[in-house]
1. Report the local net charge at Lys49: Lys and Arg +1, Asp and Glu -1, summed over other residues whose C-beta lies under 10 Å from its C-beta.
2. FRET efficiency for Ala106 and Glu259, Cβ-Cβ distance as r, R0 = 51 Å, nearest 0.05?
3. Can you work out the FRET efficiency for the pair Leu199 and Ser266, with r the C-beta to C-beta distance and R0 = 30 Å, to the nearest 0.05?
4. Name the residue, out of Tyr270, Tyr207, Tyr30, whose mean-square fluctuation peaks in a Gaussian network model built on the chain with Cα pairs under 10 Å.
5. Using a simple charge model, +1 on the beta-carbon of Lys and Arg, -1 on the beta-carbon of Asp and Glu, nothing else, what dipole does the chain show about its Cα centre, in debye to the nearest 20?
6. Say R0 is 25 Å: what FRET efficiency, to the nearest 0.05, do Glu153 and Ala129 get from their beta-carbon distance?
7. Positive end of the charge dipole of the chain (Lys, Arg +1 and Asp, Glu -1 on Cβ, about the Cα centre): tell me which of His60, Pro116, Asn138 has its Cα farthest that way.
8. Extending each Cα 7 Å along its Cβ direction at His43 and Lys2, get the distance between those two points in nm, one decimal.
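Nothing in this text is a laboratory measurement; each read-out follows from the coordinates by a stated rule. Here the structure is a predicted model, which is why all the values come from computation and not from measurement. All Cβ positions, glycine included, derive from the backbone under ideal geometry; neighbour counts span all protein chains shown.
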Amino acid sequence: MKTVQTNDAELAANVIKRGGLVAFPTETVYGLGADVFNEAALHNVFIAKKRPPDNPLIVHIASIEQVKILASKIPAAARLFFEAFFPGPLTVVLPRAERVPSIAAAGLETVGVRMPRNPLAAAFLRFCAVPVAAPSANLSGRPSPTTWQAVIEDLDGRIDCVLRGDAAEIGLESTVVDCTSDTPQVLRPGAISIEDLRLVVPQTRIYKSVESTVIRSPGMKHGHYSPHARVVILGGKTAIPREDSSAFIGLAPPAGKFEQVRICSSVEAYANALFEFFRECDRSGIRVIYCEAVAPKGIGAALTDRLRRAAKG
Ligand code: TXA
Ligand code: MG
């Protein structure tokens, strides 16, 4: 299959309307979209990404009105989150309306909904006129793509179209908050922090999967975000072993010699650079990537989560 590249949101939306797959930019990472009501297209998303079938997709909308098509009920906490954070880097999990195909939710009775604030994403979703189911536009197990070039690297020839936009503004995937029970629970940390959510709904908790036998966010159990290189998190006292082909990313210049070094001016800049740095290291055959640990506050919590996942490989 030839993958068409375009800057034209309307042209890309027409591919969705014909049942095709389109990668598109958002403020978090690039997504791989399909019409949420087209089961064949949804099936193709799983094939193109080599995604495990038990990992549900996030459904992207252009307006809050579209939530009513997707959810059978909108709990009060969800409404408060929409008012505070939509459009933006937040996914809200709601009871799924029957008309939403089960395959979009990987068989769950719920649906994750997100309204991106990236202007090109918003224009594309308006032209689509239907909600668009979209996981991150990477091959399953690879770091999420923060540029259209990273999408091409993983999916060229496997999808119909790439809508080319700017590099992602945030660079880590959205916060996922489950609003289907009485107390909202954060299933995946992101740029909207637990502190931000608690300003709106004070009882919001962090979901601890270790305490439960039921997996609420199936995607979180898969070995995500891994470069080919081994990832080592550098806490205060970690000694850096001498190894060939090693790289460093963090806030302060490291002691020792590395083939590739990225010093970031803030935790936000570090979060923004991480996935692309992983890809750069893989392209140049780096074997070990040392990553400075950060305080798990604000977006630092999301960054810490992604570093830990990558280190687990
Ligand atoms: O920022 C993002 O969220 C990006 C952009 C494209 O929007 N998308 C993204 O999708 O990261 P993906 O598929 O890579 O991650 C979706 C996460 C997975 O951990 C999945 O398990 C969880 O969201 N999720 C989706 N629907 C869910 C549901 N109904 N219940 C619980 N978790 C859900
Ligand atoms: Mg993903």
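1. +3
2. 0.80
3. 0.90
4. Of the options given, Tyr207 has the highest mean-square fluctuation.
5. 580
6. Taking R0 as 25 Å, the efficiency between Glu153 and Ala129 is 0.25.
7. Asn138
8. 2.7
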